[in-house]
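Notes follow once the structure below has been shown.
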Amino acid sequence: MRQSKLFYKTKRTVPKEIEAVSHKLLYRGDFIDQLASGIYTLMPLGFLVHKKIEKIIREEMLRIGAQELYMPVIHPRSLWEEAGRWKTMNDTLFKLKDRHNKEFVLGPTHEEVITKIAKERITSYKDLPVALFQIQIKFRNELRFTGGLLRTREFIMKDLYSFHAEEKDFQRFYNKVIKAYLKIFRRCGLKSIVVEASGEGFTQSVTHEFQVLTSVGEDRIIFCPKCQFAQNKEIAKNKEGKKCPVCKRGILEERRGIEIGNIFPLGTKYSKSFNLTFTDKKGKKKLVIMGCYGIGLGRLMAAIVEMNHDSRGIIWPRGIAPFLVHLVPIEIKDKKVYQLSEKIYRELEREQVEVLYDDRKDVLPGEKFVESDLIGIPLRLIISKKNLSKHQVEIRKRNKKKTEFIKLEDIIKYIRVYEKKI
């Protein structure tokens, strides 16, 4: 992509009401555009990142045997009444009527829809287990929508639903999802912890959240630095400074965290509401055991920025960066620099390297570097007359201060080695 053709406009300042670092940097880098309170457009740079996150999530869901589908955004009132949530979730729901005066809701979640679908297809133990997921838009009439993508009213979510004949089988899959989630977040450049949490109206059972510990988080987490014990403060019976109730060695700490995913053991709650049953091996009818598992992609994207930035801008982890390489000629009006830059750009594209080529001739080097730091592409290749005279290019990794110089003929080799190390 030639930067002169990229549809974006960076900003030097941010409105006073923007407080979260991720909101500031995504706004300044023109990754997002606000349409209304809690409603955002993903601009081309932001959408590239978002699609990378989506790809990672999809790969890991398919790897654990889940199948992808796509459910409607608009749900009839009857479905939500059948599950008993038309009134209990009234404050969160966006309700509307069609021209025939029939009532609908913009889906904040899809337990009702997926259970309806499952009921029409699951009849025997032979049909179980099954896991279905989608990556789709959700609408929630949140009371507070702050922090940019950290809390919005319209967002894209990966929601996975599983169906089981036995509790043991459900637990096996539940643990498999935990491992898959930890891998997803690790591939996105985040170190997350698994935290016990409340059912949030979905279930009375203990559920689990995936949190990244940061001072800007809305949640408060009680955790042990010596083992894997962690609880949301909402349900914690242990306090900071006390001994860990599990390992007995660690002293409990309290930190803020951002929730980047959650998983819920639904049991038979929705199976009862919709009479979702199956016939077991003995011919007896039983209720299907269910679980649901969610990741908000926009919030995950914001959390990544919160944990990967410096004073100059974003530092995108390689796996989700909009481009791998930022090709920046600083004296592009010089004929030789221009010709070489064009040659390197064509070669990178031919080798299918994701590259943003700053081909702008009316922008000063300092401004180019400032924008490059803000956008946060992992590798920056700098072309100059001085380096050209030495038959080399300058390489700067966005997450390192050290500058490297390599021969022109070694550019592709260097990039391939860099990719393997990630």
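What follows draws every value from the coordinates through simple rules; no lab data is involved. This is a predicted model, so every value here is computed, not measured. For neighbour counting, all protein chains shown are included, and Cβ atoms are generated from backbone atoms with ideal geometry for every residue, glycine included.
Among 382, 295, 320, which one shows the highest mean-square fluctuation when the chain is modelled as a Gaussian network with alpha-carbon springs under 10 Å?
Residue with maximal mean-square fluctuation among 382, 295, 320: 382.
On C-alpha positions alone, give me the angle between the axis of helix 44-63 and the longest principal axis of the chain, in degrees, nearest 10.
Its long axis makes an angle of about 50 degrees.
Can you pull the one-decimal nm distance between simple spin-label points at residue 286 and residue 272, each 7 Å off the Cα toward Cβ?
Roughly 1.8 nm, to one decimal.
Starting from the Cα gyration tensor of the range 137-280, take the square roots of the eigenvalues, sort them a ≥ b ≥ c, and report rounded, prolate or oblate (rounded when a/c is under 1.5, otherwise prolate if a/b is larger than b/c, else oblate).
Working: a/c = 1.81, a/b = 1.27, b/c = 1.43.
Judged from the Cα gyration tensor, the range 137-280 comes out oblate (a/c at least 1.5, b/c at or above a/b).
For residue 130, enumerate residues with amide H under 5 Å from its amide H, sequence gap 5+ or separate chain, H modeled in the peptide plane.
Answer set, sorted by chain and number: 163.
Report the label-to-label distance for residue 389 and residue 103 in nanometres (one decimal), using points 7 Å from each Cα along the Cα→Cβ vector.
So the two model labels end up 7.8 nm from each other.
Quick one: among 266, 381, 62, which has the greatest mean-square fluctuation in a GNM of the chain with alpha-carbon springs under 10 angstrom?
62
Taking amide hydrogens as modeled 1.01 Å from N in the peptide plane, which residues meet the under 5 Å criterion relative to residue 20, leaving out close sequence neighbours?
147
List the cysteines of the chain that have no other Cys Cβ closer than 4.7 Å: which are they?
Lacking a cysteine Cβ partner under 4.7 Å: 188, 292.
Taking all pairs of different Cα atoms in the range 1-156, averaging 1/r and flipping that mean, what Kirkwood radius in angstroms comes out? Can you show the working numbers first?
Numbers: mean 1/r = 0.0542 Å⁻¹.
Its Kirkwood hydrodynamic radius stands at 18.4 Å.
Just to be sure I understand the model, the point goes 7 Å from the Cα along the line to the Cβ. What's the resulting residue 405 to residue 176 distance in nm?
5.4 nm
Give a residue-ordered list of calculated ³J(HN,Hα) values for the range 118-129 (Karplus: 6.51 cos²θ - 1.76 cosθ + 1.60, θ = phi - 60°; whole Hz; x for Gly, Pro).
5, 4, 7, 10, 9, 10, 10, 4, 5, 7, 10, x
Sorted from largest down, give the three principal axis spans of the alpha carbons of the range 242-340, whole angstrom values.
81, 44, 22
Based solely on its DSSP helices, what 222 nm [θ] is calculated for the chain when runs of n ≥ 4 H residues each add -39,500 (n - 2.57) and the sum is averaged over all residues, nearest 500 deg cm²/dmol?
Details: 12 runs with 128 residues, N = 422.
Calculated mean residue ellipticity at 222 nm is -9000 deg cm²/dmol.
Over the range 323-421, what lengths in whole Å, largest first, do the semi-axes of the equivalent ellipsoid take, defined as the square roots of 5 times the eigenvalues of the alpha-carbon gyration tensor?
Ellipsoid semi-axes (Å, largest first): 18, 16, 13.
Which order do the peptides 77-89, 138-150 take when ranked by the mean count of other beta-carbon atoms within 10 Å per residue, highest first? Show your work: numbers first, answer last.
Numbers: 77-89: 16.3, 138-150: 18.7.
Listed from highest to lowest mean packing, they are 138-150, 77-89.
Counting Lys and Arg as +1 and Asp and Glu as -1, what is the net charge of the other residues whose Cβ lies under 15 Å from the Cβ of residue 251? Spell out each step's value before the answer.
On the way: positive: 226, 239, 242, 243, 248, 249, 255; negative: 240, 253, 254.
Summing Lys/Arg as +1 and Asp/Glu as -1 gives +4.
How many angstrom lie between the C-alpha centres of the range 101-133 and the range 1-48?
36 Å
Computed FRET efficiency, Cβ-Cβ of residue 347 and residue 67, R0 45 Å: what is it to the nearest 0.05? Walk me through the intermediate numbers first.
Numbers: r = 40 Å, r/R0 = 0.89.
Efficiency at R0 = 45 Å is approximately 0.65.
P(r) tail for the chain, what percent of Cα pairs lie past 34 Å? Intermediate values should be presented prior to the final figure.
On the way: 36769 of 88831 pairs.
Here the long-distance tail beyond 34 Å is 41 percent of all Cα pairs in the chain.
Taking the chain as the reference, fit the longest principal axis to its C-alpha atoms, fit the long axis of helix 365-375 to the helix C-alpha atoms, and give the angle between the two in degrees, 0 to 90, nearest 10.
10 degrees
Can you give me the Kirkwood hydrodynamic radius for the range 1-68, using every pair of distinct Cα atoms, in Å to one decimal? Intermediate values should be presented prior to the final figure.
Details: mean 1/r = 0.0716 Å⁻¹.
Evaluated over the range 1-68, this radius sits at 14.0 Å.
Note down the net charge around residue 151, summing +1 for each Lys or Arg and -1 for each Asp or Glu among other residues with Cβ under 10 Å from its Cβ. Kindly include the intermediate steps, with their values, before the conclusion.
On the way: positive: 140, 144, 153, 299; negative: 142, 218.
Overall, the nearby charge balance is +2.
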